[in-house]
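Undergrad: First the structure, which I've put down as structure tokens, then a few questions once you've had a look.
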Amino acid sequence: MIKINKTKHGYAILELLFYIVFFSILSLVVINAMITMARIFRETTVYAELVQSGVIMERIGREIRTSYDISSISSSDLALNTTDSIGANKTIRFLLSGTDLQFFENAVLTGNLNTPNIVVTGLTFSQITTVQGKTVKVVLSLRSSNDKLNRVQDFYDTIVLRGGY
């Protein structure tokens, strides 16, 4: 008597379909996670750029604070009289040129204070004079060129000129 091995027929196709569906679902989950991580990374980068741009406001504040007089002031241009480390007179100037905040020292452009991916959308200087001294109010608005939502970060400060004390 000959024994015939009975093998399973039809299960191979069902197993193959199961593995294809399982792999497809797993791939979609991984791709979705990667897209989410990329979006979060982009948001974090934009936020970090805007926060790091607060250094611009700190630089403006430091220069105003160490100055002894305002040479000229307009809404987007500020020139200050100050001294260098050895006591020699010098002029510091902040000028909004297009979307860049330019920094001048003794009428020589030393460069932009904003990085290429940071756009200055607004800058306003206002002088406040009291019997105790002069003060400059600064309003600075920035946005990242990498931000698809075009969000603007505003910085405000009022700085007293202390260099004349």
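The values are calculated or read from the model by the stated rules, or taken from the named source; none is laboratory data. Since we're looking at a predicted model, the values are computed, not measured. All Cβ positions, even for glycine, are placed from backbone atoms using ideal geometry, and neighbour counts span all protein chains on display.
Undergrad: Listed residues Tyr47, Tyr11; which is hydroxyl-bearing (Ser, Thr, Tyr) and farther than 21 Å from Asn146 by Cβ?
TA: Of the residues listed, the single one that is hydroxyl-bearing (Ser, Thr, Tyr) and farther than 21 Å from Asn146 by Cβ is Tyr11.
Undergrad: Further question on the same structure: Give the residues of region 149-165 that are touching a helix residue (DSSP H, G or I) at 6+ places or on another chain (Cβ under 9 Å), in contact (Cβ under 8 Å) with a residue 12 or more places away in the chain and not in a strand (DSSP E or B), sorted by residue number.
TA: Arg151, Leu161, Arg162, Gly163
Undergrad: Of everything in region 58-78, what is over 23 Å from Thr115 (Cβ atoms) and surrounded by fewer than 18 Cβ atoms within 10 Å (Cβ to Cβ)? Give them in sequence order.
TA: The answer is Arg65, Thr66, Tyr68, Asp69, Ser71, Ser72, Ile73, Ser74, Ser75.
Undergrad: Exactly one condition in (1) buried (at least 16 other Cβ atoms within 10 Å of the Cβ); (2) polar (S, T, N, Q); (3) assigned to a loop (DSSP other than H, G, I, E, B) is not met by Thr115; state its number.
TA: So Thr115 meets the others, but not (1).
Undergrad: Shifting gears a bit: Out of all the residues in region 30-41, is one or more aliphatic (A, V, I, L, M) and in contact with a strand residue (DSSP E or B) (Cβ under 8 Å, 6 or more places away or on another chain)?
TA: no
Undergrad: Among the residues of region 40-87, what is the count of those that are more than 13 Å from Val136 (Cβ to Cβ), among the small types (Gly, Ala, Ser) and part of a helix (DSSP H, G or I)?
TA: Looking only at that region, the number is 2.
Undergrad: A follow-up question, please. Looking at Met37, is it part of a helix (DSSP H, G or I), in contact with a Leu (Cβ under 8 Å, 6 or more places away or on another chain) and at pLDDT 85 or above?
TA: Taking the combined requirement at face value, the residue does not satisfy it.
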